[in-house]
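Working notes, beginning with the structure itself.
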Amino acid sequence: MKAFSTILLLVLSNVFMTFAWYGHLKLQEMKISTGWPLILVILFSWGLAFFEYCAQVPANRIGFSGNGGPFSLVQLKVIQEVVSLLVFSIVVTVLFKGESLHWNQLASFGCLVLAIFFVFMK
């Protein structure tokens, strides 16, 4: 159950982080934030990043083997990176219609999925 909770929280945190990093670009594309000064864009992103941390910190606490969780620090980091790329890929293809994923990018994501396999090998 801790593994599932950890991964679910990592997905949630990465949804917020992806929107914190790239959501302002969609707002600009939609002409919502075109006139915003850079400091307001930064504060908007920080506001979203707060919720990312509200999920990321508990995910790491629950998942870390030093706290009774199933994952080492390296395993947590590799899982987080793969989750981040999966969330990013979904957001980019759904929200940014002009952007598309190409075979070489999908192949690189596949290599990262293999990283999970290798990091869990005994």
Leading residue by the ranking (farthest from P58 (Cα to Cα)) among those in the stretch 10-34 that are in a helix (DSSP H, G or I) and of a type in the set (G, A, S): G23
Would you check if there is a residue in the stretch 82-89 being modelled with pLDDT of 95 or more and either under 30 Å from M121 (Cα atoms) or among the β-branched types (V, I, T) (or both)? no
Collect the residues in the stretch 1-47 that are under 26 Å from K77 (Cβ atoms) and among the hydroxyl-bearing types (S, T, Y), keeping them in residue-number order. S5, T6, S13, T18, Y22, S45
Which listed residue is surrounded by 18 or more Cβ atoms within 10 Å (Cβ to Cβ) and on the phi < 0 side of the Ramachandran plot, from I62, I32, I42: I62
Filter pass, V92 being of a type in the set (V, I, T) and under 15 Å from T6 (Cβ atoms): no
Reported set for the stretch 72-122 where residues are in a helix (DSSP H, G or I), farther than 19 Å from E52 by Cα and not hydrophobic (A, V, I, L, M, F, W, C) is Q75, T93, N104, Q105, S108, G110
Candidates K97, K77, filtered to the one that is at pLDDT below 85 and either charged (D, E, K, R) or within 20 Å of T6 (Cβ to Cβ) (or both): K97
Working only within the stretch 84-120, note down all residues that are touching a residue at least 40 places away in the same chain (Cβ under 8 Å) and over 22 Å from L12 (Cα atoms). V119, F120
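Condition check ((1) part of a helix (DSSP H, G or I); (2) of a type in the set (A, V, I, L, M, F, W, C); (3) farther than 30 Å from M1 by Cβ) across all residues:
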residue: W36; (1), (2), (3): no, yes, yes
residue: I39; (1), (2), (3): yes, yes, yes
residue: L43; (1), (2), (3): yes, yes, yes
residue: V57; (1), (2), (3): yes, yes, no
Would you check if there is a residue in the stretch 63-70 being touching a His at 6+ places or on another chain (Cβ under 7 Å), over 12 Å from T6 (Cα atoms) and part of a helix (DSSP H, G or I)? no
Quick one: I7 ticks every box in (1) at positive phi; (2) not in a loop (DSSP other than H, G, I, E, B) bar one, so which box is it? (1)
For a quick check of your reading of the model, give me the residue pairs whose first member lies in the stretch 17-32 and is touching a residue at least 40 places away in the same chain (Cβ under 8 Å), whose second is surrounded by fewer than 19 Cβ atoms within 10 Å (Cβ to Cβ), with beta-carbon atoms closer than 6 Å and at least 6 apart or on different chains. T18/F88; F19/L48; K26/L95
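The values are calculated or read from the model by the stated rules, or taken from the named source; none is laboratory data. What you see is a predicted model; the values in this text were computed from it and never measured. No Cβ is skipped: glycine too gets one built from the backbone with ideal geometry, and neighbour counts run over all protein chains shown.
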